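Since the structure comes first, as structure tokens, the remarks are kept for the end.
The values are calculated or read from the model by the stated rules, or taken from the named source; none is laboratory data. Quick caveat, the model's predicted, so the values are computed rather than measured. Methodologically, a virtual Cβ is constructed for each residue, glycine included, from the backbone with ideal geometry; neighbour enumeration extends over all protein chains shown. These accessible areas exclude ligands, DNA and RNA; they are computed on the full protein's heavy atoms, side chains included. Shrake-Rupley method; radii C 1.70, N 1.55, O 1.52, S 1.80 Å.
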Amino acid sequence: QVQLVESGGGSVRAGDSLRLSCAASGRIFSAYALGWFRQILGKEREFVAGVTRSGAIADYADSVKGRFTISRDNAKNTVYLQMNSLKPEDTADYYCAARRQAAPLRQADEYDYWGQGTQVTVSS
């Protein structure tokens, strides 16, 4: 079992930055590929970014490419999402997720463990 806890959300203005963190409590953190997803009420949970077990390769949704950066620190059992140049359309609840595979995928149902979410609100 893996427990994931997100933090770092908040309310900001368009153009500002936020850094989300997701801390994992389970053992063998490095065995999991990790992803960030976001969800708005009434809409499907959508892929934002993912990173491989080693942290060497990252994948991004087109909507955030060039603005967001995912990274992981296996020594701290933590994955981060640095969000720059935030836009109002980035407003959502953000979730981190883990899957016991080498590579992340973009489908939410491919992940085994989820955090409780952290809210990000971006005003224009």
Requested in this report: Mind checking the full-extension length gain between Gln116 and Gln82? Use 0.36 nm per residue of separation minus the Cα-Cα distance, one decimal, nm.
Outcome: 10.4 nm
Report summary line: Within the chain, excluding any trypsin sites (Lys or Arg not before Pro) found in a DSSP loop (not H, G, I, E or B) and having at most 15 other Cβ atoms within 10 Å, the longest uninterrupted segment runs 1-26
Query raised in the report: How much length, in nm to one decimal, is gained on full extension between Ser17 and Lys65, taken as 0.36 nm per residue of separation minus their Cα-Cα distance?
Result: 15.8 nm
**Report entry** Nearby lysines by direct alpha-carbon distance to Lys87 (threshold 27 angstrom, same-chain neighbours under 8 apart not counted)
**Finding:** Lys43, Lys65
Report task. Distance between Cα centroids, the range 22-43 to the range 76-124: provide it in whole Å. Result -> 6
Query raised in the report: Considering only DSSP beta bridges whose two residues both sit in the chain, what percent are antiparallel, to the nearest 5?
Result: 90
Query raised in the report: Which whole-Hz ³J(HN,Hα) couplings does the range 68-74 yield from phi under the Karplus relation 6.51 cos²θ - 1.76 cosθ + 1.60, θ = phi - 60°, glycine and proline marked x?
Result: 9, 9, 9, 8, 9, 10, 5
Query raised in the report: Out of residues 5 or more away from Gly26 or on other chains, whose amide H comes under 5 Å of its own, with H placed 1.01 Å from N in the peptide plane?
Result: Gln3
Query raised in the report: With every protein chain present, what is the per residue accessible area of the range 44-91 (1.4 Å probe, Å²)?
Result: 51
**Report entry** Paramagnetic label zone (point 7 Å from Cα along Cα-to-C-beta, Glu44; backbone N under 14 Å) in the range 98-124
**Finding:** 106-110
Query raised in the report: Which length gain, in nm to one decimal place, applies between Ala58 and Glu89 when the Cα-Cα distance is subtracted from 0.36 nm times their residue separation?
Result: 9.0 nm
Report summary line: Scattering profile of the chain from the Debye formula, Cα beads only, expressed as log10 I(q)/I(0) at q = 0.10, 0.15, 0.22 Å⁻¹, is -0.26, -0.59, -1.28
Query raised in the report: Expressed as a whole percentage, what fraction of the accessible surface of the chain belongs to carbon and sulfur atoms when a 1.4 Å probe is rolled over the protein heavy atoms?
Result: 45
